[in-house]
Amino acid sequence: MTAQIIDGKAFAATVREKVAGHVTRLKEENGITPGLAVVLVGEDPASQVYVRSKGKQTVEVGMNSFEHKLDADTSEADLLALVDQLNNDPTVHGILVQLPLPKHLNEDLVINSISPEKDVDGFHISNVGLLGTGQKSMVPCTPLGSLMMLRDHHGSLSGLDAVVIGRSNIVGKPMAQLLLGDSCTVTIAHSRTKDLADVVRRADIVVAAVGRPEMVPGDWIKPGATVIDVGINRIEREGKNVLVGDVDFASAKDVAGAITPVPGGVGPMTIACLLANTVTACCRANGLSEPEGLTA
Ligand code: NDP
């Protein structure tokens, strides 16, 4: 058996198309252009690449992109003042502070200073609480993108056994909440889980968000299961620098029913969902009905 490959790149393109359609309508019918502000502190090379990519895609779907680049030694007070300014700017509907921040800045404090309605990363404590209690919130982009692909593949997820490997605040925990919201029976595994292989073998849905290259081999996967590989790991193979996931794709694809590749799976969905969250935030801010299919 060979798994169906879930094409995240193609799926992300359809999400961006939907977003662009909503942006056009917002402009034509309401005279509003959604705006996303991205704040980058310092010169972390990976963060610079992400921020550039976010800005480019924001403009491509017709939204306004506001980039704020601050020096690595920016004080907490100055960063908080900028966030406050963006919170009060009616042309900004989404605010993203690129993580990680330099060590002298308190990430929790900064994230929680963003207005929850504009917190398009979904990391603000209010959004975490709203998601946990099944209320309307801003949902973190990577888990939202993973959920969209699962819903598209399965239709209903109700009653399915799901195992999420990883319990981080940005991926594992919100992913588990979303799956629970769709009535899966959810297990969250982590570094202290006993018999991880047995736990994973029970799952109809496996979401791997660990950060360990090819840690999940094919013989841990229940035949026919759906595998969402969130991991992005850079390794050396045959003298080349390659990207691999947390799942051993080569062996897993022969057992799984469907699997996301790395690259080209979850990765492209993350920025697409950031754009989706921005358009959702814009609609909510203006008391307009939310775009369908772009929220959890
Ligand atoms: P974290 O490092 O914050 O969390 C990793 C989790 O994996 C922890 O909960 C940890 O457990 C668990 N873990 C570590 N080792 C094991 C093990 N041997 N067995 C079982 N569980 C283990 O990572 P993130 O959640 O931020 O990211 C996870 C991966 O997803 C990374 O590869 C990252 O690059 C990628 N990522 C991809 C994104 C995308 O857009 N596709 C976006 C965000 C992340 P414990 O809590 O016990 O330490």
Taking only Cα atoms and a 10 Å spring cutoff, compute GNM fluctuations for the chain and point out the largest among Ala46, Ala176, Ala77.
Ala46
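As a test, work out the antiparallel percent of DSSP beta bridges whose residues both lie in the chain, rounded to the nearest 5. It would help to have the intermediate numbers written out before the result.
Values: 5 of 35 bridges.
Counting only bridges with both partners in the chain, antiparallel ones make up about 15 percent.
Could you tell me which of rounded, prolate or oblate describes region 200-296, using a ≥ b ≥ c as the square roots of the eigenvalues of the alpha-carbon gyration tensor, with rounded for a/c under 1.5 and, failing that, prolate when a/b is larger than b/c and oblate otherwise?
Working: a/c = 3.55, a/b = 1.79, b/c = 1.98.
Judged from the Cα gyration tensor, region 200-296 comes out oblate (a/c at least 1.5, b/c at or above a/b).
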Most fluctuating residue of Val83, Val266, Val49 in a GNM of the chain with Cα springs under 10 Å: which is it?
Val49
Please find, in a Gaussian network model of the chain (springs between Cα atoms separated by less than 10 Å), the residue of Ser158, Ser191, Ser115 whose mean-square fluctuation is greatest.
Ser191
Relative to the longest principal axis of the C-alpha atoms of the chain, give the angle of the C-alpha long axis of helix 141-154, reported between 0 and 90° and rounded to the nearest 10°.
50
Output ³J(HN,Hα) for region 207-217: one whole-Hz value per residue in order, computed from phi by the Karplus curve 6.51 cos²θ - 1.76 cosθ + 1.60 with θ = phi - 60°, and x for Gly and Pro.
10, 9, 9, 10, x, 10, x, 6, 6, 9, x
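What full-extension length gain, to one decimal in nm, is calculated for Ala250 and Ser168 as 0.36 nm per residue of separation minus the Cα-Cα distance?
On the way: separation 82, 0.36 × 82 = 29.52 nm, distance 2.62 nm.
Difference between extended and current length: 26.9 nm.
Taking only C-alpha pairs under 8 Å that are 6+ residues apart, what is the relative contact order of the chain in percent?
Values: 598 pairs, mean separation 63.8, N = 296.
Relative contact order for the chain comes out at 22 percent.
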Free-standing Cys, the chain [no other Cys Cβ under 4.7 Å]
Cys184, Cys282, Cys283
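Cα gyration tensor of region 181-252, axes a ≥ b ≥ c as square roots of the eigenvalues: rounded (a/c below 1.5), prolate (a/b > b/c) or oblate?
Values: a/c = 1.98, a/b = 1.87, b/c = 1.06.
Prolate is the answer for region 181-252, as a/c is 1.5 or above and a/b outweighs b/c.
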Rg ratio (alpha-carbon, reference 2.2 N^0.38 Å) - region 9-127:
1.10
Based on Cα coordinates alone, diagonalise the gyration tensor for region 43-108, multiply each eigenvalue by 5, take square roots, and list the semi-axes in whole Å, largest first.
21, 17, 8
Consider a paramagnetic label point 7 Å from the Cα of Gln135 along Cα→Cβ; state which residues of region 92-115 have an amide N under 18 Å from it.
112-115
Any idea how far apart Arg151 and Gln48 come out in nm if each label point goes 7 Å out from Cα toward Cβ?
3.8
The chain: spread of alpha-carbon positions along the three principal axes, whole Å, largest first, is 52, 42, 36
Within region 41-78: backbone nitrogen closer than 14 Å to the Thr33 label point (7 Å, Cα to C-beta):
58-67
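So what is the orientation-averaged projected area of region 65-163, using the convex hull of its C-alpha atoms, in nm²? Don't skip to the answer; put the middle values down first.
On the way: hull surface 32.9 nm².
Approximately 8.2 nm², given one-decimal rounding.
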Once both labels are modelled 7 Å past Cα along the beta-carbon direction, what's the Thr14-Glu290 spacing in nm?
2.0
On a 0 to 90° scale, report how tilted helix 76-87 is relative to the longest principal axis of the chain, with both axes built from alpha carbons and the result rounded to the nearest 10.
80
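Taken together, the values in this text are just the output of simple stated rules run on the coordinates, not laboratory data. All figures in this text were calculated on a predicted structure; none of them were measured in a lab. Backbone-built Cβ (ideal geometry, glycine too); neighbour counts: all protein chains shown.
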